[in-house]
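Reading through the structure tokens given below for one structure.
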Amino acid sequence: MRKQHGRPDHHQKGAGAGPTQRQLRAGELVRHALVEILREEEIHDDAMRGVSVTVTEVRMSPDLRHATCFVQPLGAGHDPAQWRPAIEALNRHAKFLRGQLGRHIDMKFTPDLRFLHDESFDAALRMDALFNDPRVRRDLEAQDDEDGAL
């Protein structure tokens, strides 16, 4: 496809292309609605009793018919035995949540929902631990000294 007027062709997608603005906007719309639904509605499941869930990100499929919802049960810690039951409960009740979502958002299609544990918190903790490791700190300080010598 050709470029016109110096603008990139939006119909071509490279292998590493990220989400479109439309997907990002729809994902945020769904995320905000899910936060409200989870705050207002009670999910009748023992695994959800007393559990508060943070919806950290929603990634939409290109056709906006599927939403992958990344969540973190608050206070669940890093042990999968603590957060896995809540994630499984959310997936069991995904149809109920989808029905509620359809009442909260104005989209042509209400997306199917899939819930996954957000691993970014664990990754951040691992990075903090690495940066606090004395050997890594020593290497970083040595790199700063070399950069300052220029």
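In the stretch 21-62, how many are part of a helix (DSSP H, G or I), among the polar types (S, T, N, Q) and touching a residue at least 40 places away in the same chain (Cβ under 8 Å)?
So the count comes out to 1.
Of the numbered conditions (1) crowded, with 16+ Cβ neighbours inside 10 Å; (2) at pLDDT 90 or above, residue 51 fails exactly one; give the number of that condition.
(2)
Any residue in the stretch 93-114 that's assigned by TED's automatic domain parsing to the domain that holds residue 62: show its pairings with residues that are polar (S, T, N, Q) at Cβ separation under 7 Å, as long as the two are six or more apart or on different chains.
Every condition considered, the pairs that remain are 98/110; 101/110; 102/110; 114/68; 114/91.
The values are calculated or read from the model by the stated rules, or taken from the named source; none is laboratory data. Not measured: the values here are computed from a predicted model. Every residue, glycine among them, receives a Cβ derived from its backbone with ideal geometry; neighbour counts consider all protein chains shown.
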